[in-house]
1. Given the structure, is residue 357 modelled with pLDDT of 95 or more, of a type in the set (D, E, K, R) and crowded, with 16+ Cβ neighbours inside 10 Å?
2. I'd like the residue in the range 232-260 that is touching a residue at least 60 places away in the same chain (Cβ under 8 Å) and aliphatic (A, V, I, L, M) and, out of all such residues, is surrounded by the most Cβ atoms within 10 Å (Cβ to Cβ).
3. Out of 143, 153, I need the residue that is surrounded by fewer than 23 Cβ atoms within 10 Å (Cβ to Cβ), assigned by TED's automatic domain parsing to the domain that holds residue 186, farther than 15 Å from residue 54 by Cα and in contact with a Phe, Trp or Tyr (Cβ under 9 Å, 6 or more places away or on another chain). Which one?
4. Where the second residue is part of a loop (DSSP other than H, G, I, E, B) and the first is small (Gly, Ala, Ser) and lies in the range 299-315, which pairs have Cβ atoms under 6 Å and are six or more apart or on separate chains?
5. Quick check on this structure: which one of 148, 67 is assigned by TED's automatic domain parsing to the domain that holds residue 181 and surrounded by 16 or more Cβ atoms within 10 Å (Cβ to Cβ)?
6. Somewhere in the range 356-376, is a residue outside any helix (DSSP H, G or I), more than 23 Å from the chain's Cα centre (by Cα) and in contact (Cβ under 8 Å) with a residue 40 or more places away in the chain?
7. Conditions first: (1) in contact with a Lys or Arg (Cβ under 9 Å, 6 or more places away or on another chain); (2) over 25 Å from residue 394 (Cα atoms); (3) of a type in the set (Val, Ile, Thr). Residue 306 passes all but one, so which condition is the exception?
8. Can you confirm whether the range 116-126 contains a residue that is touching a Pro at 6+ places or on another chain (Cβ under 8 Å), within 13 Å of residue 63 (Cβ to Cβ) and touching a residue at least 40 places away in the same chain (Cβ under 8 Å)?
Amino acid sequence: MPRAWVLVAEPGTSMPKTVALIVAAGQGLRAQTAAAGAPKQYADLAGKPVLRWSVETLLAHPGISGVRIVARPEDAALYEKAVAGLNLPAAIPGGATRQDSVRLGLEACADAKPDRVLIHDAARPFLSHALIERILGALDTSDAVLPVVPVADTLRRKSDQGYEIVKRDDLSRAQTPQGFRFDAIVEAHNRFASESVTDDIALAERAGLSLALVQGEEINFKLTTPEDFSLGHKIAMGTYADIRTGTGIDAHQFTAGDHVWLCGIKVAHDHGLEGHSDADCGLHALTDAILGAISDADIGQHFGPTDPRWKGAPSHLFLAHAASLVRERGGVISHVDVTLICERPKVAPHRDAMRARIAEILGLDIGRVSVKATTTDSMGFTGRREGMAAQAVATVRLP
(Lines give C-alpha, C1' and ligand atoms only; values in the text may rest on other atoms or scores of the structure.)
Protein backbone atom coordinates (compact mmCIF):
# COMPACT_ATOMS: atom_id res chain seq x y z
CA MET A 1 0.00 0.00 0.00
CA PRO A 2 1.55 3.36 -0.97
CA ARG A 3 2.67 5.68 1.77
CA ALA A 4 1.07 9.10 1.71
CA TRP A 5 3.90 10.97 3.38
CA VAL A 6 7.31 10.61 4.97
CA LEU A 7 8.13 12.10 8.36
CA VAL A 8 11.72 13.28 8.64
CA ALA A 9 13.07 13.88 12.14
CA GLU A 10 15.14 17.01 12.78
CA PRO A 11 18.87 16.39 13.31
CA GLY A 12 19.57 15.40 16.88
CA THR A 13 15.94 14.43 17.57
CA SER A 14 14.14 11.09 17.51
CA MET A 15 10.70 10.36 16.15
CA PRO A 16 8.10 9.76 18.90
CA LYS A 17 7.12 6.13 19.23
CA THR A 18 3.44 5.76 18.38
CA VAL A 19 1.40 2.59 18.70
CA ALA A 20 -2.05 2.13 17.16
CA LEU A 21 -4.59 0.28 19.31
CA ILE A 22 -7.61 -1.04 17.41
CA VAL A 23 -10.66 -1.96 19.46
CA ALA A 24 -12.34 -4.99 17.88
CA ALA A 25 -13.96 -6.67 20.89
CA GLY A 26 -17.58 -5.75 20.17
CA GLN A 27 -20.32 -8.03 18.90
CA GLY A 28 -21.79 -5.64 16.31
CA LEU A 29 -25.35 -6.83 16.89
CA ARG A 30 -27.04 -4.13 14.80
CA ALA A 31 -24.94 -5.03 11.75
CA GLN A 32 -25.01 -8.81 12.01
CA THR A 33 -27.41 -9.20 9.11
CA ALA A 34 -24.68 -7.69 6.92
CA ALA A 35 -21.94 -9.74 8.58
CA ALA A 36 -23.66 -13.13 8.13
CA GLY A 37 -24.08 -13.55 11.87
CA ALA A 38 -20.45 -12.73 12.74
CA PRO A 39 -19.29 -9.56 14.52
CA LYS A 40 -19.19 -6.78 11.94
CA GLN A 41 -15.43 -6.23 12.22
CA TYR A 42 -14.94 -9.62 10.54
CA ALA A 43 -17.53 -9.17 7.80
CA ASP A 44 -16.37 -9.27 4.19
CA LEU A 45 -15.89 -5.85 2.59
CA ALA A 46 -14.81 -6.07 -1.07
CA GLY A 47 -12.73 -9.18 -0.44
CA LYS A 48 -11.17 -8.19 2.89
CA PRO A 49 -12.51 -8.35 6.46
CA VAL A 50 -13.56 -4.94 7.78
CA LEU A 51 -10.85 -5.09 10.45
CA ARG A 52 -8.08 -5.65 7.92
CA TRP A 53 -8.76 -2.35 6.11
CA SER A 54 -7.73 -0.13 9.01
CA VAL A 55 -4.93 -2.49 10.09
CA GLU A 56 -3.26 -2.28 6.68
CA THR A 57 -3.64 1.50 6.54
CA LEU A 58 -2.05 1.95 9.95
CA LEU A 59 0.75 -0.54 9.30
CA ALA A 60 1.68 1.29 6.09
CA HIS A 61 2.01 4.70 7.77
CA PRO A 62 5.63 5.61 8.64
CA GLY A 63 4.58 7.42 11.81
CA ILE A 64 3.08 4.27 13.35
CA SER A 65 5.56 2.05 15.21
CA GLY A 66 3.22 -0.90 15.66
CA VAL A 67 -0.40 -2.06 15.69
CA ARG A 68 -2.13 -4.00 18.47
CA ILE A 69 -5.71 -5.27 18.41
CA VAL A 70 -8.14 -5.96 21.24
CA ALA A 71 -10.52 -8.81 20.39
CA ARG A 72 -12.84 -11.28 22.06
CA PRO A 73 -11.15 -14.64 22.82
CA GLU A 74 -14.17 -16.45 21.37
CA ASP A 75 -13.46 -14.76 18.01
CA ALA A 76 -9.89 -16.11 17.85
CA ALA A 77 -10.41 -18.02 14.59
CA LEU A 78 -12.04 -15.00 12.92
CA TYR A 79 -9.23 -12.77 14.15
CA GLU A 80 -6.48 -15.04 12.84
CA LYS A 81 -8.16 -15.21 9.44
CA ALA A 82 -8.63 -11.42 9.30
CA VAL A 83 -4.97 -10.60 9.96
CA ALA A 84 -3.35 -13.58 8.22
CA GLY A 85 0.04 -12.72 6.76
CA LEU A 86 0.42 -9.38 8.55
CA ASN A 87 2.77 -10.67 11.29
CA LEU A 88 0.82 -9.03 14.09
CA PRO A 89 1.17 -10.00 17.75
CA ALA A 90 -1.56 -12.10 19.32
CA ALA A 91 -4.84 -10.32 20.01
CA ILE A 92 -5.29 -8.71 23.43
CA PRO A 93 -8.35 -10.21 25.21
CA GLY A 94 -11.11 -7.63 25.54
CA GLY A 95 -13.22 -6.72 28.54
CA ALA A 96 -16.92 -6.48 29.30
CA THR A 97 -17.19 -2.94 27.88
CA ARG A 98 -15.33 -0.88 25.32
CA GLN A 99 -13.80 1.15 28.15
CA ASP A 100 -12.50 -2.04 29.79
CA SER A 101 -11.15 -3.27 26.45
CA VAL A 102 -9.21 -0.07 25.84
CA ARG A 103 -7.74 -0.12 29.33
CA LEU A 104 -6.63 -3.73 28.89
CA GLY A 105 -5.18 -2.86 25.51
CA LEU A 106 -3.20 0.04 26.93
CA GLU A 107 -1.84 -2.17 29.70
CA ALA A 108 -0.68 -4.71 27.11
CA CYS A 109 1.08 -1.99 25.11
CA ALA A 110 2.93 -0.55 28.10
CA ASP A 111 5.90 -2.90 27.76
CA ALA A 112 6.72 -1.33 24.38
CA LYS A 113 7.05 2.05 26.13
CA PRO A 114 5.30 4.11 23.43
CA ASP A 115 5.20 7.90 23.64
CA ARG A 116 1.78 8.16 21.98
CA VAL A 117 -1.18 6.00 21.10
CA LEU A 118 -3.94 6.20 18.50
CA ILE A 119 -7.11 4.43 19.64
CA HIS A 120 -9.31 3.39 16.74
CA ASP A 121 -12.61 1.56 16.27
CA ALA A 122 -12.35 -1.50 14.03
CA ALA A 123 -15.69 -0.63 12.42
CA ARG A 124 -14.19 2.47 10.73
CA PRO A 125 -12.34 0.91 7.78
CA PHE A 126 -11.69 4.01 5.68
CA LEU A 127 -9.33 6.16 7.72
CA SER A 128 -6.67 7.86 5.60
CA HIS A 129 -2.99 8.65 5.95
CA ALA A 130 -3.87 12.36 5.77
CA LEU A 131 -6.11 12.01 8.82
CA ILE A 132 -3.41 10.10 10.72
CA GLU A 133 -0.94 12.85 9.85
CA ARG A 134 -3.21 15.57 11.22
CA ILE A 135 -3.66 13.69 14.49
CA LEU A 136 0.04 13.01 14.93
CA GLY A 137 0.87 16.63 14.17
CA ALA A 138 -1.59 17.91 16.78
CA LEU A 139 -0.12 15.56 19.40
CA ASP A 140 3.12 17.57 19.21
CA THR A 141 1.40 20.30 21.25
CA SER A 142 -1.57 18.60 22.95
CA ASP A 143 -2.22 15.67 25.27
CA ALA A 144 -5.26 14.46 23.34
CA VAL A 145 -6.57 14.89 19.79
CA LEU A 146 -10.11 14.38 18.52
CA PRO A 147 -11.05 14.30 14.80
CA VAL A 148 -14.47 15.85 14.23
CA VAL A 149 -16.82 16.42 11.31
CA PRO A 150 -19.29 19.35 11.47
CA VAL A 151 -22.96 18.38 11.32
CA ALA A 152 -24.29 19.37 7.90
CA ASP A 153 -27.85 18.02 8.07
CA THR A 154 -30.76 19.90 9.57
CA LEU A 155 -31.49 18.44 13.01
CA ARG A 156 -34.90 18.24 14.63
CA ARG A 157 -35.93 17.24 18.14
CA LYS A 158 -39.33 15.73 18.86
CA SER A 159 -41.44 17.87 21.19
CA ASP A 160 -45.08 18.32 22.17
CA GLN A 161 -45.40 20.86 19.35
CA GLY A 162 -43.92 18.54 16.70
CA TYR A 163 -40.30 18.47 15.63
CA GLU A 164 -38.38 21.59 16.54
CA ILE A 165 -35.13 22.56 14.82
CA VAL A 166 -31.94 22.11 16.80
CA LYS A 167 -29.15 24.60 16.15
CA ARG A 168 -26.24 22.81 14.57
CA ASP A 169 -23.69 25.64 14.56
CA ASP A 170 -21.71 24.21 17.47
CA LEU A 171 -22.38 20.52 16.80
CA SER A 172 -19.83 18.06 15.42
CA ARG A 173 -19.56 14.30 15.03
CA ALA A 174 -16.65 12.68 16.86
CA GLN A 175 -14.54 10.07 15.07
CA THR A 176 -11.57 7.80 15.67
CA PRO A 177 -8.66 7.35 15.73
CA GLN A 178 -8.32 9.53 18.80
CA GLY A 179 -4.73 10.38 19.69
CA PHE A 180 -3.16 10.65 23.14
CA ARG A 181 0.07 11.00 25.02
CA PHE A 182 0.38 7.42 26.18
CA ASP A 183 1.14 7.92 29.88
CA ALA A 184 -1.58 10.57 30.20
CA ILE A 185 -4.40 8.40 28.79
CA VAL A 186 -3.25 5.36 30.81
CA GLU A 187 -3.45 7.45 33.97
CA ALA A 188 -6.90 8.74 33.00
CA HIS A 189 -8.20 5.20 32.38
CA ASN A 190 -6.90 3.99 35.72
CA ARG A 191 -8.18 7.03 37.58
CA PHE A 192 -11.71 6.88 36.17
CA ALA A 193 -12.03 3.13 35.63
CA SER A 194 -15.24 3.00 37.66
CA GLU A 195 -16.97 5.71 35.58
CA SER A 196 -18.76 4.90 32.34
CA VAL A 197 -17.92 7.12 29.37
CA THR A 198 -18.67 7.01 25.65
CA ASP A 199 -15.11 7.38 24.38
CA ASP A 200 -11.53 8.00 25.48
CA ILE A 201 -11.71 11.74 24.89
CA ALA A 202 -14.33 11.94 27.64
CA LEU A 203 -11.81 10.41 30.04
CA ALA A 204 -9.13 12.83 28.84
CA GLU A 205 -11.44 15.77 29.54
CA ARG A 206 -12.23 14.52 33.04
CA ALA A 207 -8.51 14.18 33.69
CA GLY A 208 -7.92 17.79 32.57
CA LEU A 209 -5.75 16.89 29.59
CA SER A 210 -5.19 19.51 26.90
CA LEU A 211 -7.37 18.78 23.88
CA ALA A 212 -6.98 19.64 20.20
CA LEU A 213 -9.57 19.18 17.46
CA VAL A 214 -8.63 18.27 13.91
CA GLN A 215 -10.72 17.93 10.79
CA GLY A 216 -12.17 14.44 10.40
CA GLU A 217 -13.34 12.89 7.15
CA GLU A 218 -16.82 12.02 5.93
CA ILE A 219 -15.51 8.76 4.46
CA ASN A 220 -14.24 7.71 7.90
CA PHE A 221 -17.75 6.68 8.97
CA LYS A 222 -18.60 3.83 11.30
CA LEU A 223 -20.22 0.70 9.88
CA THR A 224 -23.26 0.16 12.06
CA THR A 225 -26.26 -0.86 9.95
CA PRO A 226 -26.74 -3.03 6.86
CA GLU A 227 -27.16 0.22 4.90
CA ASP A 228 -23.70 1.33 6.08
CA PHE A 229 -22.25 -1.92 4.78
CA SER A 230 -23.91 -1.38 1.40
CA LEU A 231 -22.33 2.08 1.13
CA GLY A 232 -19.00 0.79 2.43
CA HIS A 233 -18.95 -1.94 -0.20
CA LYS A 234 -19.46 0.61 -2.97
CA ILE A 235 -16.64 2.76 -1.62
CA ALA A 236 -14.32 -0.23 -1.21
CA MET A 237 -14.98 -1.50 -4.72
CA GLY A 238 -14.22 1.95 -6.10
CA THR A 239 -10.87 1.88 -4.31
CA TYR A 240 -9.86 -1.18 -6.33
CA ALA A 241 -10.77 -0.07 -9.82
CA ASP A 242 -7.98 -1.97 -11.62
CA ILE A 243 -9.49 -5.44 -12.14
CA ARG A 244 -7.08 -8.16 -13.30
CA THR A 245 -7.74 -11.77 -14.31
CA GLY A 246 -5.12 -14.53 -14.39
CA THR A 247 -5.28 -18.16 -15.48
CA GLY A 248 -3.22 -21.19 -14.54
CA ILE A 249 -2.93 -24.81 -15.63
CA ASP A 250 -1.02 -27.75 -14.16
CA ALA A 251 -0.80 -31.51 -14.70
CA HIS A 252 0.88 -34.44 -12.94
CA GLN A 253 1.10 -38.12 -13.78
CA PHE A 254 0.09 -40.86 -11.41
CA THR A 255 2.72 -42.89 -9.57
CA ALA A 256 2.75 -45.49 -6.81
CA GLY A 257 0.99 -44.31 -3.66
CA ASP A 258 -2.17 -44.40 -1.60
CA HIS A 259 -3.28 -40.76 -1.70
CA VAL A 260 -3.16 -37.50 -3.64
CA TRP A 261 -3.19 -33.89 -2.48
CA LEU A 262 -5.90 -31.84 -4.16
CA CYS A 263 -6.61 -28.19 -3.30
CA GLY A 264 -4.90 -28.62 0.05
CA ILE A 265 -6.85 -31.76 1.04
CA LYS A 266 -5.38 -35.27 1.37
CA VAL A 267 -7.60 -37.62 -0.66
CA ALA A 268 -7.27 -41.42 -0.47
CA HIS A 269 -6.55 -42.97 -3.88
CA ASP A 270 -4.93 -46.09 -5.34
CA HIS A 271 -2.12 -43.95 -6.80
CA GLY A 272 -0.10 -40.90 -5.85
CA LEU A 273 0.95 -37.98 -8.05
CA GLU A 274 4.50 -37.52 -9.31
CA GLY A 275 6.06 -34.14 -8.51
CA HIS A 276 8.91 -32.29 -6.83
CA SER A 277 6.59 -30.90 -4.15
CA ASP A 278 3.37 -32.57 -3.00
CA ALA A 279 2.12 -32.37 -6.64
CA ASP A 280 -1.14 -30.60 -5.72
CA CYS A 281 -2.18 -29.63 -9.23
CA GLY A 282 -5.17 -27.63 -7.98
CA LEU A 283 -3.08 -25.31 -5.80
CA HIS A 284 -0.33 -25.15 -8.42
CA ALA A 285 -2.77 -23.97 -11.09
CA LEU A 286 -4.33 -21.46 -8.71
CA THR A 287 -0.91 -20.11 -7.68
CA ASP A 288 -0.08 -19.51 -11.35
CA ALA A 289 -3.45 -17.83 -11.89
CA ILE A 290 -2.82 -15.33 -9.09
CA LEU A 291 0.74 -14.68 -10.28
CA GLY A 292 -0.62 -14.14 -13.77
CA ALA A 293 -3.16 -11.61 -12.54
CA ILE A 294 -0.36 -9.45 -11.10
CA SER A 295 2.04 -10.20 -14.00
CA ASP A 296 4.67 -11.76 -11.73
CA ALA A 297 6.12 -14.68 -13.75
CA ASP A 298 4.99 -18.21 -12.78
CA ILE A 299 5.30 -20.74 -10.00
CA GLY A 300 8.50 -22.19 -11.45
CA GLN A 301 10.23 -18.82 -11.23
CA HIS A 302 9.33 -18.40 -7.57
CA PHE A 303 9.80 -22.03 -6.53
CA GLY A 304 12.32 -23.79 -8.76
CA PRO A 305 11.27 -27.38 -9.63
CA THR A 306 14.80 -28.63 -8.88
CA ASP A 307 15.40 -26.58 -5.73
CA PRO A 308 15.92 -29.04 -2.82
CA ARG A 309 14.14 -26.61 -0.47
CA TRP A 310 10.83 -27.49 -2.11
CA LYS A 311 11.27 -31.26 -2.22
CA GLY A 312 7.99 -32.65 -0.91
CA ALA A 313 6.89 -29.15 0.20
CA PRO A 314 3.17 -28.56 0.86
CA SER A 315 1.72 -26.46 -1.92
CA HIS A 316 -0.15 -24.17 0.43
CA LEU A 317 3.20 -22.39 0.88
CA PHE A 318 3.24 -21.49 -2.82
CA LEU A 319 -0.35 -20.24 -2.78
CA ALA A 320 0.17 -18.18 0.39
CA HIS A 321 3.24 -16.58 -1.19
CA ALA A 322 1.25 -15.55 -4.27
CA ALA A 323 -1.43 -14.04 -2.02
CA SER A 324 1.22 -12.09 -0.09
CA LEU A 325 2.46 -10.56 -3.36
CA VAL A 326 -1.06 -9.28 -4.06
CA ARG A 327 -1.19 -7.72 -0.59
CA GLU A 328 2.21 -6.08 -1.08
CA ARG A 329 0.77 -4.31 -4.11
CA GLY A 330 -2.14 -3.06 -2.00
CA GLY A 331 -4.60 -5.34 -3.77
CA VAL A 332 -7.22 -7.93 -2.89
CA ILE A 333 -8.13 -11.29 -4.34
CA SER A 334 -11.77 -11.00 -5.31
CA HIS A 335 -12.59 -14.54 -6.51
CA VAL A 336 -10.91 -17.81 -7.45
CA ASP A 337 -12.17 -20.76 -9.47
CA VAL A 338 -10.44 -24.15 -9.79
CA THR A 339 -11.46 -26.97 -12.14
CA LEU A 340 -9.96 -30.42 -11.48
CA ILE A 341 -9.77 -32.71 -14.52
CA CYS A 342 -9.69 -36.45 -13.78
CA GLU A 343 -11.62 -39.71 -14.01
CA ARG A 344 -10.71 -40.64 -10.44
CA PRO A 345 -10.68 -39.89 -7.54
CA LYS A 346 -14.14 -38.44 -7.14
CA VAL A 347 -13.97 -34.78 -6.17
CA ALA A 348 -17.56 -34.09 -5.11
CA PRO A 349 -17.27 -35.64 -1.60
CA HIS A 350 -14.31 -33.36 -0.86
CA ARG A 351 -15.40 -30.16 -2.64
CA ASP A 352 -16.54 -28.22 0.42
CA ALA A 353 -13.38 -29.13 2.34
CA MET A 354 -11.27 -27.97 -0.61
CA ARG A 355 -13.12 -24.67 -0.82
CA ALA A 356 -12.70 -24.12 2.91
CA ARG A 357 -8.97 -24.90 2.75
CA ILE A 358 -8.35 -22.50 -0.14
CA ALA A 359 -10.38 -19.80 1.63
CA GLU A 360 -8.25 -20.32 4.74
CA ILE A 361 -4.96 -20.05 2.85
CA LEU A 362 -6.01 -16.92 0.96
CA GLY A 363 -7.90 -15.28 3.82
CA LEU A 364 -11.10 -15.17 1.76
CA ASP A 365 -14.74 -15.75 2.51
CA ILE A 366 -15.65 -19.22 1.25
CA GLY A 367 -18.28 -17.63 -0.98
CA ARG A 368 -15.40 -16.27 -3.08
CA VAL A 369 -13.94 -19.74 -3.75
CA SER A 370 -15.19 -22.18 -6.37
CA VAL A 371 -13.96 -25.75 -6.92
CA LYS A 372 -15.34 -27.87 -9.76
CA ALA A 373 -14.44 -31.16 -11.41
CA THR A 374 -14.87 -32.68 -14.83
CA THR A 375 -13.73 -35.67 -16.88
CA THR A 376 -12.57 -35.93 -20.49
CA ASP A 377 -14.92 -38.79 -21.33
CA SER A 378 -12.07 -41.31 -21.41
CA MET A 379 -10.06 -39.22 -23.90
CA GLY A 380 -6.43 -38.17 -23.46
CA PHE A 381 -4.03 -38.91 -20.60
CA THR A 382 -6.61 -38.05 -17.94
CA GLY A 383 -9.17 -40.25 -19.67
CA ARG A 384 -6.70 -43.12 -19.65
CA ARG A 385 -6.13 -42.44 -15.96
CA GLU A 386 -2.45 -41.75 -16.45
CA GLY A 387 -2.65 -38.58 -14.40
CA MET A 388 -4.75 -35.54 -13.67
CA ALA A 389 -4.81 -31.84 -14.46
CA ALA A 390 -6.25 -28.60 -13.14
CA GLN A 391 -7.19 -25.22 -14.52
CA ALA A 392 -7.74 -22.08 -12.42
CA VAL A 393 -8.88 -18.50 -12.80
CA ALA A 394 -8.20 -15.73 -10.29
CA THR A 395 -9.71 -12.25 -10.20
CA VAL A 396 -7.60 -9.63 -8.44
CA ARG A 397 -8.39 -5.99 -7.70
CA LEU A 398 -5.57 -3.48 -7.46
CA PRO A 399 -5.65 0.21 -6.52
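The values are calculated or read from the model by the stated rules, or taken from the named source; none is laboratory data. Treat the numbers as computed from the prediction; the structure is a model and nothing was measured. For neighbour counting, all protein chains shown are included, and Cβ atoms are generated from backbone atoms with ideal geometry for every residue, glycine included.
1. Working: modelled with pLDDT of 95 or more: yes; of a type in the set (D, E, K, R): yes; crowded, with 16+ Cβ neighbours inside 10 Å: yes.
In short, yes.
2. Among those residues, the one meeting the criterion is 260.
3. Sole residue among the options that is surrounded by fewer than 23 Cβ atoms within 10 Å (Cβ to Cβ), assigned by TED's automatic domain parsing to the domain that holds residue 186, farther than 15 Å from residue 54 by Cα and in contact with a Phe, Trp or Tyr (Cβ under 9 Å, 6 or more places away or on another chain): 143.
4. From residues that are small (Gly, Ala, Ser), the pairs are 313/277; 315/277; 315/278; 315/280.
5. 67
6. Checked the range 356-376: at least one residue is outside any helix (DSSP H, G or I), more than 23 Å from the chain's Cα centre (by Cα) and in contact (Cβ under 8 Å) with a residue 40 or more places away in the chain.
7. Failed condition: (1).
8. Yes, the range 116-126 contains a residue that is touching a Pro at 6+ places or on another chain (Cβ under 8 Å), within 13 Å of residue 63 (Cβ to Cβ) and touching a residue at least 40 places away in the same chain (Cβ under 8 Å).
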